[in-house]
Structure formats: C-alpha cells, structure tokens
Amino acid sequence: MLLVFAACSENGSADQRPNIILIMSDDMGYSDIGCFGGEIQTPNLDRLAANGVRFTQFYNTARCCPTRASLLTGCYPHQTGIGHMTNPPNNPLGHDYELPGYRGALNRNCVTIGEALGQSGYRTMMTGKWHLGYHKQEQWPLQRGFEKFYGIVPGAANFFKPVHPRGITYGNDTLTITDDNFYTTDAFTDYAMQFIGEAHSEDKEQPFFLYLAYNAPHWPLNAPTEEIEKYRGKYRKGWDKLREERYARMQEMGLIDPDWPLSPRDARAWDSLNVEQQEEMDLRMAIYAGMVDRMDQNIGRLVTYLEQNALLENTLIVFLNDNGACAEFAELGSGPKEQLGTKEGYVLSYGRAWANASNTPYRLYKHWLHEGGMATPMIVHWPQGIDPDRRGQMIREHGFLPDIMATFLDVAEADYPETYAGHQIAPLAGKSMVPVIRGGEGPIHEEPIFWEHEGNKAVRLGKYKLVMKWDKDRTDNWELYDLEKDRTEMNDLAETMTEKRREMADLYHAWAKEHQVLPWEEIQTIRKELGAKRKARH
C-alpha cells in the first residue's frame, strides 16, 4: 500500500533542497518518444518536456553498464573498473581482465550518487536495473549508497517472469515472482512510490534521491497485450516511411537542422519483404512501442503521485536513455516469432532495421560512438528551478553523463569527496548543468570530453567530433565532423582538416593513457590469454 503524506512544512527547520529523481530507459532510440519526434504515445514525458527543458546534445557511453557506471559516479567508466562490461551471472570473471579499468564491477575508487547524496543528508532509494556488479553482495545497491532497492541486479530479464539469476531482488533478498500480472515496468514504479512514501512517513523534512532505472524497452520484446494492440498494424508502412516521417517531424519541432541530411537506411528496403515478413516485423515494432508506451504511463503514475503529495514543485526530474537503439543479433530481429506477444522470451529483439528507424536521423547504434549510439533524448523538469519563461525550450549545448553527478551535487549543496570509506576517489569528470538549465549562456564544456567502448572512440571539442569505428585491420581510421553543420555525420573532414584531426587524436591518446584505457586489440589478446589460463586451471 502506498503511503500518503503531507508536504514539507515551510518553517525554518525544513530542508528546502530539492528532491531528485533520475529516470533511465534502456536501449531506446533518440527519436522514439513524442517530444523527440516519435509517433509512440508518450504524453507524460511530453508534458515533462513542455514544462521543463530538453537537451538535444546530451551523450551517454553507448552501452548499458559503462553508461550506468559513468552516470552514477561522475567518472569515466574505466576509472570505475567497468571499462568494458560487468561480469555476467553465469561467469564471475567473464569481463574481469585483471586490469584496474577492466574488472567487471564497480570499484571503490569512485562514489555513487547515492553515497555522495547520502552523506549530505538525502534519503536514497533505487528501483530497476542495477548492472554494476552481481557476484558479491558488496557490489549491490544497498552496499553502494542506497538505503532501499527493488529490482534486477544483473542486466536483461524477462519482463513478466524474471527468474534467478536474472530475477528480482528486494534489499539484499532474492524474491520469487508468483503474480500472473507481474510486469517489471509496473513493479519498479510501484516500489519507487512506496519508497518515497516510507521515507517521508519517517521524516517529512528530509529530501530524497530516487534512481528509477527501467529495463524498457531492452530486449526481450515483452509488452502487455493491451499495449501491443494499440500499435498493431501501425508499422506496416515500414521503416523507410517511418524514418521519413520522423525526420520531417524533428525538423518541424526544431530538434534537427534541415540542412542535416537523413543518414542512409541501414537495412533492406521494406518493400523487399514478403507479406508474412512484414506482418512479423510490424508485430515486433508494435511490441517495442508498447514497452515505451507502458513506461511512459508509469512515469505518469509517478508524477501524479508527486503532485498528489505536493512534491512535484520542489523535485528535480531528469529523464535520459543509456544508449542508442539496439541493433544486436539480426537485421530483422531475433528470437522465435511464436514467442511474440506472449509472456515468454529472452533474446527476443526487433532488429537492426527498426533500430535504424529508432535512431532517426543518426548513424549506427548501441555499441558504437557515432551519434546513433551515444546521443540520448534528455528531459529536465524542475518547477522551482526553471523559470516559467524558459519552459519548453531546448538546450543545444553538449553535455555527457558525468555532468549528472556534478549537477545533483550542485542542487543538493553537497561536496564530492576526495576520499570515501578509506579509499582515494577519482576526480569528478563532469560539470554542473545548473547554469544552462536556469538560462545561462555559454558551453557546459570548453575542454574536450572523451569516450571509448570496445575500441570505438570519440572526442568532442567545441563543434567538432572525432570518432572511430573499431576495425581490427585499421588503427587510425578516424573520422572528423563539424556537428553544427553535419550532426548526421555524413561529411567526413578527416582528410581536409588534418591538423584538427591530429590535435584531437593526440588529446584522445593522452586521455586514454591517464584514464586506464587500453587499445581494444590489447584487451582482446588479454581476454584470450586469460580465458586459456582459467580454462587450464579447471
């Protein structure tokens, strides 16, 4: 049962710092939600955007767990020990390469937002997907700064029937789900509201931090029947038409410059599919859309709960996604089509063709550091912190994940520690976005910022972006783009602006050396040698 409570009193003893809610979606494309050009029904996110601000150039790290590591710590992922991925449930050393930047779990040389805000007097709670360490309980949320947790400790899970080892954990206890109506997106929201209620029943004066990490719309494709039916048949037009419609709508909304060309389709033509294939692909996309729709409904439930309890005005809400749309497994989706629309499935996806549409108008996807892999729709809603005249506007200055920690510390009037629990803490990599949120001018970052994942690399310096798609046969295949003129990355300047390319490449190599980032070919060799060594031991 949800607890209803009175608003904080306005006497001098009340803590007037804002409550903070960080909401993350999982594997969603840049243009899927309505306020970023999509046709999926997301009225609640659209409302937050209309009454807040949208960041059009905010970046994640292009993959689930390194994004979570950077998001929650304000550091580059390699500084946290998750330079690649976390160790999967079936292999405790699967991504532990015995290197400081590649241990497969969050290390102790970083602090989470929960730890930083907790020591500053915030109540801290989390629901949803953790994905920052599984095999030792000391790696779990309650041991990393969160007072309450309900969710999935590893990565992907079935939405209707999550089971061990990819099941539900409450606090530090593993639960068995027996409810036939269980759905992760609903449950994560239920417990988010419950935790808020419990915190305020204990102390109405104390602000809270909630991290709500949905697993939607990550595979498996699982959505309630009623949500699927809302979209069934709407995608028979195909991905070519969908991309064109979204591209036009994004231009009309002012999200993209009309001079940026639509990136090429990265799949076969829709009309080349036979009728049976088109029916199946319509269903896959309808389920995906239903997952996003249901997430939006749940965000609406949470916002309504805040309103009913007089909390919305003084709550900072940030919504973003962990990486670009997912093109993993196959062009036309993976998993048995017989499982579509059921409560079954695990590796059940919608495929590269639809992911290309989800990322309209950008190139590539999750894993890669071109815009389609790392650009996230981001919404900031904060009634007491955003001037009414500024609401509904777009912020075009670029930012990245470590800025979230810096921003939350700023609004919470909290310090970033040099040491924590006896450990030296890596320096904060981000900068507060509060000045631009409040209407200030000027860039968030004049200095370069960096990314690396699986050998894919990127540097952002002002309007320029240097980016590389890893190729085992080419180690210097940098591409250079002027993102003011060409954010869809269609006009490579690397051969005509060689000095800029060299300058930014040198910056990247210096950063990599200082931040425990190794060349991907070296990591692959180390993985192979460790795998053989560990196999020999057993």
Check: Which strands (runs of 3 or more DSSP E) sit wholly inside region 107-190 and have at least 1 residues that are over 28 Å from Thr407 (Cβ atoms) and of a type in the set (D, E, K, R)?
Finding: 173-175
Check: In this structure, is Leu348 touching a residue at least 60 places away in the same chain (Cβ under 8 Å) and touching a helix residue (DSSP H, G or I) at 6+ places or on another chain (Cβ under 6 Å)?
Finding: yes
Next item on the list: Please work out if Glu205 is among the acidic types (Asp, Glu), in contact with a Cys (Cβ under 8 Å, 6 or more places away or on another chain) and farther than 26 Å from Ser358 by Cβ.
Entry: yes
Notebook entry, point to check: How many residues are open to solvent by less than 10 Å² (accessible area, probe 1.4 Å), within 16 Å of Tyr362 (Cβ to Cβ) and either among the aliphatic types (A, V, I, L, M) or touching a His at 6+ places or on another chain (Cβ under 9 Å) (or both) if we restrict to region 223-255?
Noted result: 3
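Okay, residues lined up against (1) open to solvent by 10 Å² or more (accessible area, probe 1.4 Å); (2) modelled with pLDDT under 95; (3) in contact with a strand residue (DSSP E or B) (Cβ under 9 Å, 6 or more places away or on another chain); (4) within 19 Å of Ser25 (Cα to Cα):
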position	(1), (2), (3), (4)
Asn181	yes, no, no, no
Asp186	yes, no, no, yes
Lys204	yes, yes, no, no
Ala213	no, no, yes, yes
Next item on the list: Collect the residues in region 237-290 that are assigned to a loop (DSSP other than H, G, I, E, B) and of a type in the set (Gly, Ala, Ser), keeping them in residue-number order.
Entry: Gly254, Ser263, Ala267, Ala269
Notebook entry, point to check: Within region 160-178, how many residues are open to solvent by 40 Å² or more (accessible area, probe 1.4 Å) and either polar (S, T, N, Q) or under 21 Å from Trp219 (Cα atoms) (or both)?
Noted result: 10
Next item on the list: Would you tally the residues in region 373-391 being outside any loop (DSSP other than H, G, I, E, B), over 18 Å from Leu45 (Cα atoms) and either touching an Asp or Glu at 6+ places or on another chain (Cβ under 9 Å) or charged (D, E, K, R) (or both)?
Entry: 1
Notebook entry, point to check: Can you tell me which residues in region 62-85 are in contact with a Pro (Cβ under 6 Å, 6 or more places away or on another chain) and either of a type in the set (Val, Ile, Thr) or assigned to a helix (DSSP H, G or I) (or both)?
Noted result: Pro66, Ala69, Ser70, Pro77, Ile82
Checklist line | Hits in region 397-410 (condition: of a type in the set (A, V, I, L, M, F, W, C) and surrounded by fewer than 22 Cβ atoms within 10 Å (Cβ to Cβ)) | finding: Ala406, Leu409
Check: Considering Lys431, Lys465, Lys485, Lys457, which residue is open to solvent by less than 80 Å² (accessible area, probe 1.4 Å), more than 30 Å from Leu93 (Cα to Cα) and basic (Lys, Arg)?
Finding: Lys465
Notebook entry, point to check: What about His78, is it in contact with a Gly (Cβ under 7 Å, 6 or more places away or on another chain), closer than 30 Å to Lys533 by Cα, open to solvent by less than 10 Å² (accessible area, probe 1.4 Å) and modelled with pLDDT of 95 or more?
Noted result: yes
Notebook entry, point to check: Out of region 39-61, which residues are part of a helix (DSSP H, G or I) and open to solvent by 30 Å² or more (accessible area, probe 1.4 Å)?
Noted result: Pro43, Asn44, Asp46, Arg47, Ala50
Note to self: Six or more apart or on different chains, Cβ atoms under 6 Å: show the pairs whose first residue is in region 84-99 and free of Cβ contacts under 8 Å to residues at least 24 places away in the same chain and whose second is open to solvent by less than 30 Å² (accessible area, probe 1.4 Å) and aliphatic (A, V, I, L, M).
What the structure shows: His95/Met85
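The values are calculated or read from the model by the stated rules, or taken from the named source; none is laboratory data. As the structure is a prediction and not an experimental result, all values here were calculated from the model. Because the Cβ atoms are built from the backbone with ideal geometry, glycine has one as well, and the counts that use them run over all protein chains shown. Quick note on the areas: whole protein, heavy atoms, side chains included, nothing else; ligands and nucleic acids left out. Shrake-Rupley method; radii C 1.70, N 1.55, O 1.52, S 1.80 Å.
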